[in-house]
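Each remark here refers to the structure printed beneath this line.
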Amino acid sequence: MLNNPLHLLIVIVNYRTPDLTIDCLQSLVNEVRSLPGTRVIVTDNASGDDSVDKIQTAIENESWQDWVSFMPLEHNGGFAFGNNAAIRPVINSPTPPNYVLLLNPDTIVRPGALKVLMDFMKEHPQVGIAGSRLEDPDGTPQVSAFRFHSILSELNAGLRLRFGKKFKERWAVIPPTLPQEITQVDWVAGASMIVRRQVFEQVGVMDEGYFMYYEEADFCLQTNRAGWTCYYVPESRVVHLVGQSSGVTDPKAPRKRLPQYWFDSRRRYFVKNHGWLYASLADAAFAFPFALTKLRWMLMGQRSNYPPNFLIDFIRNSAIAKGFIQSPQ
């Protein structure tokens, strides 16, 4: 199948969410038909459940074989690993696609969403990456366009100020308002992110040193440093069932202690891109004011909306506590 002319490759990484993955594929049926040269590869990160059987059966029963390939993997190497397993051989093939779309399994693509992204990329050759507007099933927009992490963004996050509006608007990773129009941003959510082929050829695939989280921010940063821009395209609308694929960020579920890989990814991002000293300063910029903020909450009888043991886990996994770590390659 992949020897045929290919314009858009869509990659979906499944991990123990076969029903969501099948629903996502169902939402792509008409999109694929309207965009000749579009193919989908679903990888499975060694789910160890009934994912492989369910997804393979759905592909056969729905006769999707002409546009969907299924690639079970031998182990769970994380989000970047699961995507790269599909992307790397196709990008290095004699007929690589013009674009690759990373798509979460817990998404439902609205009609026309992919064409909007494709048209935008064709009309703006300087753009390396573009992201969709992610939204709840009722159409409520989700935050899916961001600024790069920095010492000042960490300070802003730790302070949790009710005042200092200008400071928060300038340095918060999450902008104060979600853009309503096509806007250049630092990075976009990897739940629906289209990447130009030349970005992979110049920058490489995503860093598999990240198991989950921060990998799309890192990839957008590498792309930015290579001279490409990143845009948020709200006309491309994709429903995102937040946290269903990771089980970490579900807003309707009780807050759970963050997994070790979240802290490892955060530390890797800062050390890799800015060095150990900068990472240590970023840790301190968040931890000290956050400790004071938490004390204030306790004195005022307010409950924290952070996960359990967050501050202790944060300090234990900081660049300072872990010692000097050489920048990952």
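Values as computed for the structure displayed
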| read-out | value |
| --- | --- |
| Qualifying residue in region 30-47 (condition: more than 27 Å from Arg237 (Cβ to Cβ) and either at pLDDT below 95 or touching an Asp or Glu at 6+ places or on another chain (Cβ under 8 Å) (or both)) | yes |
| Index of the failed condition, Ser245 passing every other in (1) within 14 Å of the chain's Cα centre (by Cα); (2) buried (at least 18 other Cβ atoms within 10 Å of the Cβ); (3) at pLDDT 95 or above | (3) |
| Flag if Leu73 is within 21 Å of Val239 (Cα to Cα) and not aromatic (Phe, Trp, Tyr) | no |
| Counted residues, region 130-163 - those being more than 17 Å from Ala189 (Cβ to Cβ), surrounded by fewer than 22 Cβ atoms within 10 Å (Cβ to Cβ), touching a residue at least 24 places away in the same chain (Cβ under 8 Å) and among the charged types (D, E, K, R) | 1 |
| Matching residues in region 52-69 - criterion: being more than 18 Å from Pro97 (Cα to Cα) and either of a type outside the set (Ser, Thr, Tyr) or outside the structural domain of Tyr213 (by TED's automatic domain parsing) (or both) | Val52, Asp53, Lys54, Ile55, Gln56, Ala58, Ile59, Glu60, Asn61, Glu62, Trp64, Gln65 |
| Matching entry among Val127, Val40 (being under 30 Å from Gly275 (Cβ atoms), among the hydrophobic types (A, V, I, L, M, F, W, C), in the same structural domain as Val233 (by TED's automatic domain parsing) and touching a residue at least 24 places away in the same chain (Cβ under 8 Å)) | Val127 |
| Close pairs from region 69-84: first surrounded by 15 or more Cβ atoms within 10 Å (Cβ to Cβ), partner of a type in the set (Ser, Thr, Tyr) and assigned to a helix (DSSP H, G or I), Cβ under 8 Å, at least 6 apart | Gly78/Tyr261 |
| Residue check, Arg170 on the phi < 0 side of the Ramachandran plot, within 21 Å of the chain's Cα centre (by Cα) and among the basic types (Lys, Arg) | no |
| All positions within region 310-329 that are among the hydroxyl-bearing types (Ser, Thr, Tyr) and either modelled with pLDDT under 90 or not in a loop (DSSP other than H, G, I, E, B) (or both) | Ser327 |
| Matching option when the condition is aliphatic (A, V, I, L, M), out of contact with any Lys or Arg (no Cβ under 9 Å at 6 or more places or on another chain) and part of a helix (DSSP H, G or I), among Val42, Val52, Val13, Val32 | Val52 |
| Subset of region 1-37 [over 14 Å from Ala86 (Cβ atoms) and polar (S, T, N, Q)] | Asn3, Asn4, Thr17, Gln26, Ser27, Asn30, Ser34 |
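The values are calculated or read from the model by the stated rules, or taken from the named source; none is laboratory data. Everything numeric in this text was worked out from a predicted model, so none of it was measured. All Cβ positions, glycine included, derive from the backbone under ideal geometry; neighbour counts span all protein chains shown.
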